[in-house]
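Report on the following structure.
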Amino acid sequence: MMARNTGILADRAIAALFETGRLTSERELDVDQIQPASLDLRLGSHAFRVRASFMPGPSHLVADKLDRLKLHVVDLSEGAVLETGCVYIVPLMERLDLPEDMSASANPKSSTGRLDIFTRVITDRAQEFDKIPAGYSGPLYLEISPRTFPIVVRRGSRLSQIRFRVGQALLTEPELLSLHETETLVASKKPNITGGGIALSIDLAGDKEGLIGYRGKHHTAVVDVDKKAQHDIFDFWEPLYSRGRTEIILDPDEFYILVSREAVHVPPHYAAEMTPFDPLVGEFRVHYAGFFDPGFGHAPAGGRGSRAVLEVRSHEVPFILEDGQIVGRLIYEHMLEQPSSLYGSGLGSNYQAQGLKLSKHFRL
């Protein structure tokens, strides 16, 4: 496939942004910081505990708002605990000077979502979270609010990621249907393609032991976001089993890890993102971390698809989810070019060929 004039920037192009000064950072990049279609963003040296989340608005800098709303400053240089239910604003190491034809969007990393850490990127004069307009020049900030577990973070921790795009990258519904017919984007004989995306449904049948997911425990120890396999699953999670039923009642203010019924495939020349299916279909939120890199669920030698792990919260009232209920939509975008490395191809990707899987921080 030829390189396009519009689409998502791949790893080589992201590296070129640093070479040309369009992206700068306080320190040298981590060796694995540039992903196939995104860049991990790193926390700076301090966090501001604030009274409440805020939007800067078109006339204000984030720093000006922080001067008025901050409660105290947390030093992250040696690591610090961020408490549940609190809101923190952290200046990021990376800074942008985007060309006039290039915009960006941000999302929590997969591991961030699976820990129920609510994050959003903020820019100066922002009118939307996680959206960076074309031509933006200035600093980046991350809003962090741990919801279930207190966490330890430090300077250089990576909780969020950013994608860069030139022009219109989104596939139209006819393009999406054609691509599915040739590449099998989701393991479904009759994909539900509406609103520019492919619907995903929930699996509540469970595995051979009947395991359908996990519910986060309260009043746990802290989770260090930079350490893998450090915590016993059962100290933080309650396993959930179907017991012959094909539904689950979501309790308000509880956090669940569930899995999609369909396997997902992202071909090498495309990137995907999980979006809410429809805010009117139920009182729940699914999937905080939405980026799927090129190569997710892709196996050139045969066999395609990895199931999408879903981070689920009910809102104000208990809500019944049933097996096969549609809970989200996958939208696909063109890449400007194929990345030099695909997700799962020697990158140490944590969630390739996954089923129901907790974040990398836990061990059985």
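Tally time: how many residues in the stretch 75-94 are of a type in the set (A, V, I, L, M) and surrounded by fewer than 16 Cβ atoms within 10 Å (Cβ to Cβ)?
Residues flagged as of a type in the set (A, V, I, L, M) and surrounded by fewer than 16 Cβ atoms within 10 Å (Cβ to Cβ) within the stretch 75-94 amount to 1.
Report, by residue number, each residue of the stretch 140-157 that is buried (at least 18 other Cβ atoms within 10 Å of the Cβ) and either assigned by TED's automatic domain parsing to the domain that holds Lys227 or over 18 Å from the mean Cα position of the chain (by Cα) (or both).
Arg155
Tell me, which residue of the stretch 157-181 that is assigned to a loop (DSSP other than H, G, I, E, B) and in contact with a Leu (Cβ under 9 Å, 6 or more places away or on another chain) is modelled with the highest pLDDT? It would help to see each step written out before you state the result.
We begin by selecting, within the stretch 157-181, every residue assigned to a loop (DSSP other than H, G, I, E, B); these are 157, 167-169, 171-172.
Now restrict to residues that are in contact with a Leu (Cβ under 9 Å, 6 or more places away or on another chain): 157, 169, 171.
Working: Ser157: 98, Ala169: 93, Leu171: 94.
Residue satisfying both the conditions and the ranking: Ser157.
Sort out for me the strands (runs of 3 or more DSSP E) sitting completely within the stretch 87-152 that have 1 or more residues that are farther than 19 Å from Phe291 by Cβ. Explain how you work it out, then say what you get.
Values: elements: 87-97, 102-108, 117-123, 137-146.
Here the list reads 87-97, 137-146.
Please determine, by comparing only the residues of the stretch 113-128 that are of a type in the set (S, T, N, Q) and more than 16 Å from the chain's Cα centre (by Cα), which one is surrounded by the fewest Cβ atoms within 10 Å (Cβ to Cβ).
Our first condition is that a residue be of a type in the set (S, T, N, Q); within the stretch 113-128, this holds for 119, 123, 127.
Next, only the ones that are more than 16 Å from the chain's Cα centre (by Cα) stay: 123, 127.
On the way: Thr123: 24, Gln127: 11.
Per the stated criteria, the residue is Gln127.
Among the residues of the stretch 238-275, write down those that are part of a strand (DSSP E or B) and of a type in the set (Lys, Arg).
Our first condition is that a residue be part of a strand (DSSP E or B); within the stretch 238-275, this holds for 238-241, 247-250, 252, 255-264, 270-275.
Once the filter is applied, which keeps residues that are part of a strand (DSSP E or B) and of a type in the set (Lys, Arg), the stretch 238-275 yields only Arg261.
Identify all residues within the stretch 182-208 that are at pLDDT 90 or above and over 24 Å from the mean Cα position of the chain (by Cα); write none if there are none.
Matches in the stretch 182-208: Thr182, Ala205.
If the Cβ limit is 6 Å and pairs must be 6+ apart or interchain, which residue in the stretch 131-150 that is under 18 Å from Glu254 (Cα atoms) pairs with which residue that is β-branched (Val, Ile, Thr)?
Ser145/Val87; Pro146/Thr84; Pro146/Ile117; Phe149/Thr220; Phe149/Val223; Pro150/Val81; Pro150/Thr84; Pro150/Val222
How many of the residues in the stretch 188-207 are under 24 Å from Lys360 (Cβ atoms) and assigned to a loop (DSSP other than H, G, I, E, B)?
So in the stretch 188-207, the residues under 24 Å from Lys360 (Cβ atoms) come out as 200, 202-203, 206-207.
Those left that are additionally assigned to a loop (DSSP other than H, G, I, E, B): 203, 206-207.
So the answer is 3.
Which of the residues belonging to the stretch 3-49 are free of Cβ contacts under 8 Å to residues at least 40 places away in the same chain and either within 26 Å of Phe296 (Cα to Cα) or crowded, with 20+ Cβ neighbours inside 10 Å (or both)?
Ala15, Ala16, Phe18, Leu29, Val31, Ile34 - these are the residues of the stretch 3-49 that are free of Cβ contacts under 8 Å to residues at least 40 places away in the same chain and either within 26 Å of Phe296 (Cα to Cα) or crowded, with 20+ Cβ neighbours inside 10 Å (or both).
Restricting attention to the stretch 220-247, which residues are crowded, with 16+ Cβ neighbours inside 10 Å and closer than 9 Å to Phe362 by Cβ?
Answer for the stretch 220-247, where residues must be crowded, with 16+ Cβ neighbours inside 10 Å and closer than 9 Å to Phe362 by Cβ: Val223, His231, Phe236, Trp237.
The values are calculated or read from the model by the stated rules, or taken from the named source; none is laboratory data. Just so it is clear, the structure is predicted and the values come from calculations on it, not from any experiment. For neighbour counting, all protein chains shown are included, and Cβ atoms are generated from backbone atoms with ideal geometry for every residue, glycine included.
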